[in-house]
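Worksheet: one structure, shown below.
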Amino acid sequence: MAELTQEVRNRYSGQFLTELTNQDQQGDVTALAINTTVLEAAAADTKAQFLTEAGTVYDGDDAQHISICVLGTIYFLHQFTGRYTDALQQAREVWINALRRYSQRSGERRRLLPKSGSNLTPSSEVAGTRPDFDRSRWEDVVPNMPPGGSDSTGGSGAS
């Protein structure tokens, strides 16, 4: 697969990338070509952020990585302009949401779902009843009381 900068070029028009990579603080664009230095810096920042957030190294052969990191590169290009616009905010939201979905589904931080192979089933709750260990027959039981009647902090054990 192509390098991340080439993937960005394949997906966005040259005019759009020329504007994003050559803007000054006021939004003036006088250049006629894509500034590859800025594009490569945005791609490098994207890869670093992807590693931090997703917990895995960017792989140019993985379609999910490419799709997410292209969005991230566009976000960083918007950020590099120094102009905080709705386009920047929207690019950020799209990038963060894509990263979050990937992390939950495939990344190192994917959610572990509880699962059991036990053949035991919990008893149903009955309204108005107390849990078994809250019943009066257990009031005298003090589990793991240290010898000598004092707690482990050196106190007397009584409050």
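Computed from the coordinates by the stated procedures, all read-outs in this text should not be read as laboratory data. Keep in mind that this is a model prediction, so the values were computed, not measured. Cβ placement follows ideal geometry from the backbone for every residue including glycine, while neighbour counts extend to all protein chains displayed.
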Point to revise | Cβ-based exposure ranking for Tyr58, Tyr84, Tyr12, Tyr75, in which fewest neighbours within 10 Å come first | key: Tyr84, Tyr12, Tyr58, Tyr75
Exercise for review: Describe numerically, in nm with one decimal, the distance between label points set 7 Å from Cα along Cα→Cβ at Glu93 and at Glu19.
Suggested key: 2.0
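Rounded to two decimal places and with Rh computed the Kirkwood way over Cα pairs, what is Rg over Rh for the stretch 4-105?
Details: Rg = 13.3 Å, Rh = 13.7 Å.
Rounded to two decimals, Rg over Rh is 0.97.
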Practice item. Report the full-extension gain for the segment Thr129 to Thr37: residue separation times 0.36 nm, less the Cα-Cα distance, to one decimal in nm. Key: 26.1 nm
Practice item. Order by neighbour count: Ser103, Ser118, fewest other Cβ atoms within 10 Å first, most last. Key: Ser118, Ser103
**Study point:** 3J(HN,Hα) from dihedral phi, the stretch 84-90, Karplus parametrisation 6.51/-1.76/1.60, rounded to Hz, x for glycine, proline
**Key:** 8, 10, 5, 4, 5, 4, 5
Review point. If you place +1 on the Cβ of every Lys and Arg, -1 on the Cβ of every Asp and Glu, and leave all else neutral, what size is the dipole of the stretch 4-105 about its Cα centre, to the nearest 20 Debye?
Key: 260
Study note, to complete from the structure: Along the dipole axis of the stretch 4-105 (charges at Cβ: +1 for Lys and Arg, -1 for Asp and Glu; origin at the Cα centre), the most positive-end residue among Ala33, Phe50, Phe80 is Phe50
